[in-house]
Amino acid sequence: MQPTNTPTITLFDTTLRDGEQSPGASLTSAEKLEVARQLARLEVDVIEAGFPAASPDDLEAVRRIAQTVGTADGPIIAGLARAMPGDIDAAWEGVRHARRSRIHTFLATSPLHMERKLGLRPDQVVERAAAAVRQAATYCDDIEFSAEDATRSDPGFLVEVIAAAIEAGATTINIPDTVGYALPAEYAALILRLRTETPGANAVVWSVHCHDDLGLATANTLAGLEAGARQAEVTINGLGERAGNASLEEVVMALHTRRSETTCRTRVDTRQLTRTSRMVSHYTGMVVAPNKAIVGDNAFAHEAGIHQHGMLRDRRTYEIMTPTDVGADGTRLVLGKHSGKAALRQRLEQLECPVTEEELVSLFERFKQLAERQKQVTDRDLRALVDHESEVHDGRYSLVDLQVSCGRPGLSTATVRLADRNGEERVAASVADGPVHAAFRAIDSLLQTSSTLVEYNVHGVSSGHDALGEVTVRLAPAGDSSAAYGGYGADIDIITASAQAYLAAQNRLVEANGNEGSAAAWLDRPDSPRPESEVYR
């Protein structure tokens with residue numbers, strides 16, 4: 001169990017600032033406000049609402065969030081500012097209406113950035129950083145200073161800059177891995193060294209801000225927290241510059257799920273994670289990958305048969321957290337080509353489609369054939385397969401093979417092989433103006449029935465070029481339009497589905513005429529001559 005005195009970290013969400021800097025992820029002021037409200041429901045501690053100096057619209061968005069979300073019991077509202085007087089003024093103008101406001105100023109400290117981007121000497125950087133913090137401190141008491149590109153900076157110089165910022169009034173010190181360069185062990189070592197060597201270190205909150213260029217943002221964030229940092233800067237869905245930032249949902253759930261092994265916790269209402277993720281994805285247009293940890297569509301989905309079998313026995317076999325923990329809809333046993341019979345049986349029971357063990361064996365074979373083509377089999381597909389299976393088991397005759405040749409110019413040819421309940425098979429071929437008509441005529445020639453096709457309907461069960469197709473037909477006995485017999489078929493191949501449906505209707509017609517019907521007599525006499533005029537006409 002986690003000790004009762006485990007410290008609670010400050011969760012600093014920068015989705016509306018750093019996250020919005022993702023290419024193509026711009027938000028309107030109204031959308032920013034809605035996201036900020038949802039972040040408040042999520043119970044983050046700090047919302048970095050934007051970069052007020054960037055544009056009038058950004059300033060207005062930060063101001064509206066401060067006025068609306070930054071209420072008495074709401075989160076701290078922060079505005080970002082470069083270490084420049086105009087930026088500091090704009091940041092304060094944006095956040096000043098919040099009950100609890102913060103100015104977050106930053107300045108690069110790596111040799112590369114100081115020389116190539118800023119054109120400043122190290123002593124000038126120290127002076128500018130301190131001056132920016134002092135100016136911000138004239139507006140509010142909550143000041144954060146970030147040493148941009150800290151992980152490529154000289155640690156000794158970082159100590160000097162940070163000490164100056166603390167002396168000038170900074171209350172939070174952020175150590176960004178701006179380009180996602182650090183490894184977890186070295187990042188933790190840097191945090192520990194700075195906390196140990198910097199004058200005034202114990203008077204401030206140390207913060208981590210990690211980018212994901214090497215896929216290490218979450219790991220580095222956790223390493224920094226283990227090294228004593230007590231603020232984590234994160235974004236919903238890991239949005240941000242280039243490869244993005246540490247993902248809020250990953251950091252939160254790592255601390256929550258492994259709480260017996262970690263040294264801190266958060267105040268976040270984890271049940272709001274999925275809802276927040278979907279809102280941000282919708283507004284930004286940045287689609288969440290299906291295999292994204294915690295909030296991806298596949299995070300609680302299982303397709304492999306062995307996994308599904310384990311889940312049916314005990315969900316803990318393959319889930320380390322529950323869908324309800326993060327506000328997800330629930331565990332999904334995805335029916336695909338890797339699924340097993342147990343998962344298929346369970347889903348059929350949930351759909352209230354009971355089948356016998358014999359039917360399940362046949363249905364599972366058809367399910368596998370469909371899954372090989374479609375990747376995933378939907379509930380509508382399953383119902384169609386079950387309906388088809390009931391037709392097959394109820395019928396006197398079944399379709400064994402179908403071969404069709406068609407196209408222009410020329411007539412279509414269909415060769416059909418049927419079997420009766422005893423397994424005896426017969427073959428016939430026919431030609432017609434189209435492949436469906438040819439298949440129907442071949443079946444007619446084998447069953448020696450006389451009927452009229454009164455209805456023929458085709459539609460796709462699901463979307464896509466390889467979707468399962470459903471066919472329904474209705475047949476009336478020749479000379480008796482008052483009675484009609486329906487048939488149903490389902491298959492990826494629409495000609496096959498048509499033949500199945502037609503045969504199902506013919507089976508009902510034969511059954512209605514009694515066991516002495518001509519079709520039964522014809523199939524029961526192997527030496528019976530085939531009516532050439534009907535078969536090959």
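Of note:
- Single residue of E241, E233 found to be modelled with pLDDT under 95 and not aliphatic (A, V, I, L, M): E241
- Among the residues of region 379-418, those that are buried (at least 16 other Cβ atoms within 10 Å of the Cβ) and at pLDDT 90 or above comprise L402, V404, S412, T413, A414, T415, V416, R417, L418.
- Only residues that are touching a residue at least 40 places away in the same chain (Cβ under 8 Å) and in contact with a helix residue (DSSP H, G or I) (Cβ under 7 Å, 6 or more places away or on another chain) were counted in region 415-443, giving 14.
- Residue check, D57 assigned by TED's automatic domain parsing to the domain that holds S260, buried (at least 22 other Cβ atoms within 10 Å of the Cβ), assigned to a helix (DSSP H, G or I) and without any contact (Cβ under 8 Å) to a residue 60 or more places away in the chain: no
- Selection within region 193-222 - assigned to a loop (DSSP other than H, G, I, E, B) and either among the acidic types (D, E) or on the phi > 0 side of the Ramachandran plot (or both): G200, D212, D213, G215
- Matching residues in region 182-192 - criterion: being surrounded by 18 or more Cβ atoms within 10 Å (Cβ to Cβ) and either touching a Phe, Trp or Tyr at 6+ places or on another chain (Cβ under 9 Å) or not in a loop (DSSP other than H, G, I, E, B) (or both): P184, Y187, A188, L190, I191
- Test: residue in region 335-343 that is more than 26 Å from S247 (Cβ to Cβ), at pLDDT 75 or above and touching a Leu at 6+ places or on another chain (Cβ under 6 Å): yes
- Restricting region 254-266 to residues that are within 22 Å of the chain's Cα centre (by Cα) and modelled with pLDDT under 95, the residue that is nearest to D45 (Cα to Cα) is H256.
- Boolean, R134 is outside any strand (DSSP E or B), over 23 Å from N202 (Cβ atoms), over 35 Å from the mean Cα position of the chain (by Cα) and not aliphatic (A, V, I, L, M): no
- Single condition G486 does not satisfy, out of (1) in contact with a Ser or Thr (Cβ under 8 Å, 6 or more places away or on another chain); (2) in contact (Cβ under 8 Å) with a residue 60 or more places away in the chain; (3) in a strand (DSSP E or B): (2)
The values are calculated or read from the model by the stated rules, or taken from the named source; none is laboratory data. Since this is a predicted model, take the numbers as computed values, not measurements. Note: ideal-geometry Cβ built from the backbone for every residue, glycine included; neighbour counts use all protein chains shown.
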